[in-house]
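Reviewing the structure listed below.
The values are calculated or read from the model by the stated rules, or taken from the named source; none is laboratory data. Because the structure is predicted, anything quoted here is derived from the model rather than measured. Methodologically, a virtual Cβ is constructed for each residue, glycine included, from the backbone with ideal geometry; neighbour enumeration extends over all protein chains shown. These accessible areas exclude ligands, DNA and RNA; they are computed on the full protein's heavy atoms, side chains included. Shrake-Rupley method; radii C 1.70, N 1.55, O 1.52, S 1.80 Å.
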Amino acid sequence: MRVLEKMNIRNKLEQKEEIILSPFAQKSSKTKGRLKEEAECDIRPAFQHDRDRIIHSKSFRRLKHKTQVFLSPTGDHYRTRLTHTLEVSQIARTIARALFLNEDLVEAIALGHDLGHTPFGHAGEAVLNEIHTGGFRHYEQSLRVVDLLEREGEGLNLTFEVRDGILKHSKGKGEIISRGETDKPATREAEVVRASDIIAYINHDIDDAIRGNVIKEEDLPEDSRKFLGNATSDRIDTMVRGVIAETMKQDGLSVSLGEELGRHMVKLRTFLYEKVYDSHIVHDDFIKCSRIIKDLYFYFMDNPAALLAETGRDDFYDEPEACVRDFIAGMSDRYAFSLFEKFFLPLPWNIPG
């Protein structure tokens with residue numbers, strides 16, 4: 001232990017960052033800090049420490065039972081919210097390494113970006129946004145998870161840069177790389193994650209939709225197939241190389257896609273909304289799931305004591321409506337099914353023999 005203290009490995013790693021990383025990279029030693037002051041680790045730089053905290057969180061583990069696109073698939077190879085997160089992380093780290101950006105920061109943002117996502121994918125987010133006062137946005141909930149909900153209300157106490165990247169990772173149907181002042185990330189690393197998120201979900205959602213017989217490869221826009229490639233690996237490779245090349249052309253001033261790549265990415269995203277997310281095969285099940293979330297939400301709003309009993313709490317840590325939202329958003333798919341069955345479906349009547 002004394003040997004490690006004398007060496008202070010963190011300092012050596014921070015010095016290495018100063019030598020190796022781009023001038024535009026966010027250095028660990030230059031972090032704007034945490035919400036609450038704490039002693040620094042003598043082994044891990046700040047962003048590596050954040051990455052580790054996210055991986056060991058309960059909300060990260062629950063991602064394995066949250067829907068990406070296909071609800072409760074019987075096949076083993078469909079993506080979940082967890083595998084989506086890992087694919088985003090892999091793509092983001094590849095881009096960050098090529099651009100000499102901070103891989104630890106990129107990885108921490110990527111692994112934490114969807115911690116606040118609801119059960120049942122975007123259908124769950126849509127219905128909570130509809131029924132909850134003030135609406136619901138998963139990226140805001142992800143920040144709430146790491147700031148407040150994890151560690152029994154203590155939060156993970158992450159750095160400013162990771163928190164900023166989590167909050168500003170989402171683009172919906174808007175710009176892939178935001179240039180607006182309100183939602184423009186504070187670091188290049190967060191911009192990389194934002195681009196990597198859409199690269200990941202465009203490609204793995206196409207792959208899953210083909211596996212699920214919702215679409216065929218030839219249904220994809222022909223000009224996009226010619227430009228990006230006909231296989232998932234080819235499309236990802238083209239997109240990743242495009243981001244790296246265009247960003248280098250900008251001398252690292254900002255993460256860029258280039259006009260043609262950006263156009264095809266938006267085109268495929270639009271295709272997915274029209275042919276996959278809103279198709280009856282996918283959408284019909286989510287209508288049923290929306291009912292589950294609505295019924296559970298209003299049940300707990302009308303029966304706050306049931307929420308306290310279910311969570312094992314003696315009182316509320318916030319307004320009851322906020323606590324209900326947090327509880328619903330944190331559920332895995334199967335836990336939501338289980339609670340719906342518990343509260344709304346008749347159980348078998350056991351008559352003593």
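Name the shape class, rounded, prolate or oblate, that the alpha-carbon gyration tensor gives for region 1-127, where a ≥ b ≥ c are the square roots of its eigenvalues, rounded holds for a/c under 1.5, and otherwise prolate holds if a/b is larger than b/c and oblate otherwise.
Values: a/c = 2.53, a/b = 1.98, b/c = 1.28.
Taking the square roots of the gyration eigenvalues as a ≥ b ≥ c, region 1-127 is prolate.
Taking a probe of 1.4 angstrom, what is the accessible area of ASP318 in Å², to the nearest 10?
60
What percentage of the solvent-accessible surface of the chain, computed with a 1.4 Å probe over protein heavy atoms, is contributed by carbon and sulfur atoms? Mind showing how you got there, number by number?
Working: 9100 of 17450 Å².
Result for the chain: 52 percent of the exposed heavy-atom area is carbon or sulfur.
What residue among MET331, MET239, MET301 shows peak mean-square fluctuation when the chain is described by a Gaussian network model with Cα springs under 10 Å?
Comparing MET331, MET239, MET301 in the GNM, the peak value goes to MET301.
By the gyration tensor of its Cα atoms, with a ≥ b ≥ c the square roots of the eigenvalues, what is the shape of region 218-281: rounded for a/c under 1.5, prolate for a/b over b/c, or oblate?
Numbers: a/c = 2.81, a/b = 1.99, b/c = 1.41.
Note, shape of region 218-281 comes out prolate.
Of HIS283, HIS204, HIS169, which has the largest mean-square fluctuation in a 10 Å C-alpha GNM of the chain?
Among HIS283, HIS204, HIS169, the largest GNM mean-square fluctuation belongs to HIS283.
For region 122-263, give the magnitude of the charge dipole about the Cα centre (Cβ charges: +1 Lys/Arg, -1 Asp/Glu; no others), in debye to the nearest 20. Walk me through the numbers before you get to the answer.
Working: 19 positive and 29 negative charges, 36 e Å.
Charge dipole of region 122-263: 180 debye, to the nearest 20.
Give the lysines reachable from LYS36 as a straight Cα distance under 25 Å; neighbours fewer than 8 places away on the same chain don't count.
Once the sequence-local lysines are set aside, what remains near LYS36 is LYS12, LYS27, LYS58, LYS168, LYS184.
About its Cα centre, how strong a charge dipole does the chain have in debye, to the nearest 20, once Lys and Arg get +1 and Asp and Glu get -1 at the Cβ? It would help to have the intermediate numbers written out before the result.
Working: 51 positive and 60 negative charges, 136 e Å.
About 660 debye.
Rolling a 1.4 angstrom probe over the protein heavy atoms, how many square angstrom per residue are accessible across the chain? Before the final figure, lay out each step's value.
On the way: 17450 Å² over 353 residues.
Averaged over the residues of the chain, the accessible area is 49 Å².
With bins 10 Å wide starting at 0, give me the P(r) of region 111-160 over every alpha carbon pair, in whole percents.
27, 49, 24, 1
Assuming a viscosity of 0.692 mPa s and a temperature of 37 °C, what translational diffusion coefficient in µm² per second does Stokes-Einstein assign to region 121-221, Rh being the Kirkwood radius over Cα pairs? If you can, show how the numbers build up before the last one.
Values: Rh = 15.7 Å.
Estimated diffusion coefficient is 210 µm²/s.
For region 225-353, what is the per residue volume of the convex hull drawn over the alpha-carbon atoms, in cubic angstrom? Mind dumping the intermediate values first?
Working: hull volume 28.5 nm³, N = 129.
Spelled out: Cα convex hull of region 225-353, divided by residues, is 221 Å³.
Order these peptides, 157-164, 263-270, 49-56, by their mean beta-carbon neighbour count within 10 angstrom, highest first. Walk me through the numbers on the way to the answer.
Details: 157-164: 23.4, 263-270: 18.1, 49-56: 20.4.
Most protected by this proxy first, the peptides run 157-164, 49-56, 263-270.
Return the single residue from THR311, THR83, THR94 with maximal mean-square fluctuation; model: Gaussian network over the chain, springs between Cα atoms under 10 Å.
THR311
Let me know the shape class of region 156-300, please: from the alpha-carbon gyration tensor, a ≥ b ≥ c as square roots of the eigenvalues, rounded when a/c is under 1.5, otherwise prolate if a/b is greater than b/c, or oblate.
Values: a/c = 2.50, a/b = 1.13, b/c = 2.21.
Because a/c hits 1.5 or more and a/b fails to exceed b/c, region 156-300 counts as oblate.
Looking at [x] 75, 60, 40; [y] 66, 48, 35; [z] 66, 55, 41, which value of Cα extents along the principal axes in Å comes from a calculation on the structure shown?
Among [x] 75, 60, 40; [y] 66, 48, 35; [z] 66, 55, 41, the one calculated here is [x].
Could I have the simple spin-label model distance between ASN230 and ILE43, label points 7 Å from Cα toward Cβ, reported in nm to one decimal?
Using points 7 Å along Cα→Cβ, the separation is 5.0 nm.
Nothing charged except the Cβ atoms of Lys and Arg (+1) and of Asp and Glu (-1): what's the magnitude of the dipole of region 1-158 about its Cα centre? Round to the nearest 20 debye.
Details: 25 positive and 23 negative charges, 54 e Å.
Taking the Cα centre of region 1-158 as origin, the dipole is about 260 debye.
Would you work out which of LEU63, LEU347, LEU99 lies farthest towards the positive end of the dipole of the chain, given +1 charges on the beta-carbon of Lys and Arg and -1 on that of Asp and Glu, about the Cα centre?
Of the options given, the answer is LEU99.
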